[in-house]
Amino acid sequence: MKTGFIGLGRMGSAMAANLLKAGHEVTVFNRSPEKLLPLIELGALEAGTVADACRGELVITMLADDTAVADVAFQNGGIISVLPKGAIHLSMSTISVELSKKLTEAHAQAAQQFVAAPVFGRPDAAAAAKLFIVTAGNPGAVKMCEPLLNVLGQKTFPIGNTPASANLVKLSGNFLMASVIEALGEAIALISKADIDRQVFVDLLTSSIFNAPAYKIYGGLIAAGRFEPALFAAPLGFKDIRLALAAAESLRVPMPLGSLLHDRFLRLLAEGGERLDWAAIGGLAGRDAGEPHRV
Ligand code: NAP
């Protein structure tokens, strides 16, 4: 299938590379053109504009946020105005429920198809083709995406016919992950202040009652106070909490923990944490406990 790929950031560049390595014909576009080069070396075709990436049967977007996706979709010469009838926009970014609904409607009006397929897994998982992918949309369109999704991830979870459902699932998952980061941060601050070894504590928990990737990955980062380089940048984590809270507000679901996380991110960013990994909210508890040197 002739595929366009728009958005070659930390995630998108690894994902597009995997499609190329699997032998797919991929035309790549990125706002900052220097990120095209490594993909072109792998055999990608270069798109000079968004429109150039939209001439095939399918275009994938893996962009930062709602603003970026709305820009490339709705701009003059954007995806909706140029994608051929019947072709698919496979949206893999973490975006709002609201924008997903808007895209579903706009693509339907243009006789195109819209499939939401947000992912769980950091850039290292993307590079290893180990993403978990949540899909929603017209079943026929989702099926057409499967050969590509099978290259990108280790498992795909179809969640229904309404694309926005996949986005809500993804936002709910990230809310849970941020809650784990905050809870780990507080627990690690507690044992650390009593001079108990942080990594020993994390190893103990993750090899017993908390034997799960989220605890292993984030426990290790918080114990080591290693928040750079950012594999998932704090502003993107903040975005996901804001979008989860927006969905919660429109569905009338109080999420007090979500509101707390909102303010944790706000504090991190107010203190200049823009370039840090979102795991850095797990370092705030140690600082609150007067142990800034340990995080
Ligand atoms: P990233 O490294 O910051 O890359 C963002 C991409 O979006 C870049 O290609 C950037 O282009 C582009 N972009 C940003 N604003 C734009 C605009 N206004 N117009 C056009 N392009 C724009 O982000 P990422 O970590 O790859 O994340 C991508 C998406 O995946 C996000 O929705 C994120 O929430 C989600 N996600 C990330 C992870 C993770 O661990 N990183 C995991 C799961 C899901 P430039 O290169 O020109 O800046």
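The values are calculated or read from the model by the stated rules, or taken from the named source; none is laboratory data. This one's a predicted model, so the numbers in the text were calculated from it and none came from an experiment. Cβ placement follows ideal geometry from the backbone for every residue including glycine, while neighbour counts extend to all protein chains displayed. With ligands, DNA and RNA removed, areas are computed over all heavy atoms of the protein, side chains included. Shrake-Rupley method; radii C 1.70, N 1.55, O 1.52, S 1.80 Å.
Please work out how much accessible surface Arg275 shows to a 1.4 Å probe, ignoring ligands, DNA and RNA, in Å² rounded to 10. Solvent-accessible area, nearest 10 Å²: 140 Å². Across region 281-290, coupling constants 3J(HN,Hα) worked out from phi with the 6.51/-1.76/1.60 Karplus curve, θ = phi - 60°, read 5, x, x, 5, 4, x, 5, 4, 8, x Hz, and Gly and Pro carry x. In order along region 160-170, phi translates into HN-Hα couplings of x, 8, 9, x, 4, 4, 5, 5, 5, 4, 4 Hz, rounded to whole numbers, per the Karplus curve 6.51 cos²θ - 1.76 cosθ + 1.60 with θ = phi - 60° and x for Gly and Pro.
Amide H contacts under 5 Å for Leu58: Gly4, Ile88, restricted to partners 5 or more places along the chain or on a different chain, H placed in the peptide plane at 1.01 Å from N. Of the chymotrypsin sites (Phe, Trp or Tyr not before Pro) found in region 215-295, not one falls in a DSSP loop while having at most 13 other beta-carbon atoms within 10 Å. Estimated from helices alone, the mean residue ellipticity of the chain at 222 nm is -15500 deg cm²/dmol (sum of -39500 (n - 2.57) over DSSP H runs with n ≥ 4, per residue). Lysine pair count for the chain (Cα-Cα distance under 22 Å; residues 8 or more apart in sequence or on different chains): 27.
Using the Kirkwood radius over C-alpha pairs as Rh, can you work out the diffusion coefficient of the chain via Stokes-Einstein at 4 °C, viscosity 1.567 mPa s, in µm² per second? Kindly include the intermediate steps, with their values, before the conclusion.
Details: Rh = 19.8 Å.
After rounding, the answer is 65 µm²/s.
Between Glu34 and Asn211, what FRET efficiency comes out of the Förster formula 1/(1 + (r/R0)^6) with R0 = 45 Å and r the beta carbon distance, rounded to 0.05? Could you put the intermediate results ahead of the total?
On the way: r = 41 Å, r/R0 = 0.91.
Efficiency, from the Cβ-Cβ distance: 0.65.
Amide H contacts for Phe232 (H built 1.01 Å from N in the peptide plane; partners 5 or more residues away or on another chain; cut-off under 5 Å): Trp278.
Over region 168-288, calculate the relative contact order: mean separation of alpha carbon pairs under 8 Å at least 6 apart, over the residue count, as a percent.
It rounds to 39 percent for region 168-288.
Remark: region 229-243, residue by residue, has Karplus-estimated 3J(HN,Hα) of x, 6, 8, 10, 6, 3, x, 6, x, 4, 4, 5, 5, 4, 5 Hz, where x stands for each Gly or Pro and the curve is 6.51 cos²θ - 1.76 cosθ + 1.60 at θ = phi - 60°. Across all C-alpha atoms in region 22-179, the radius of gyration and Dmax reach 14.8, 42 Å.
Based on Cα contacts under 8 Å between residues 6+ apart, region 3-161 shows a relative contact order of 20 percent. For region 168-288, the alpha-carbon coordinates run over 44, 32, 24 Å along the three principal axes, in decreasing order.
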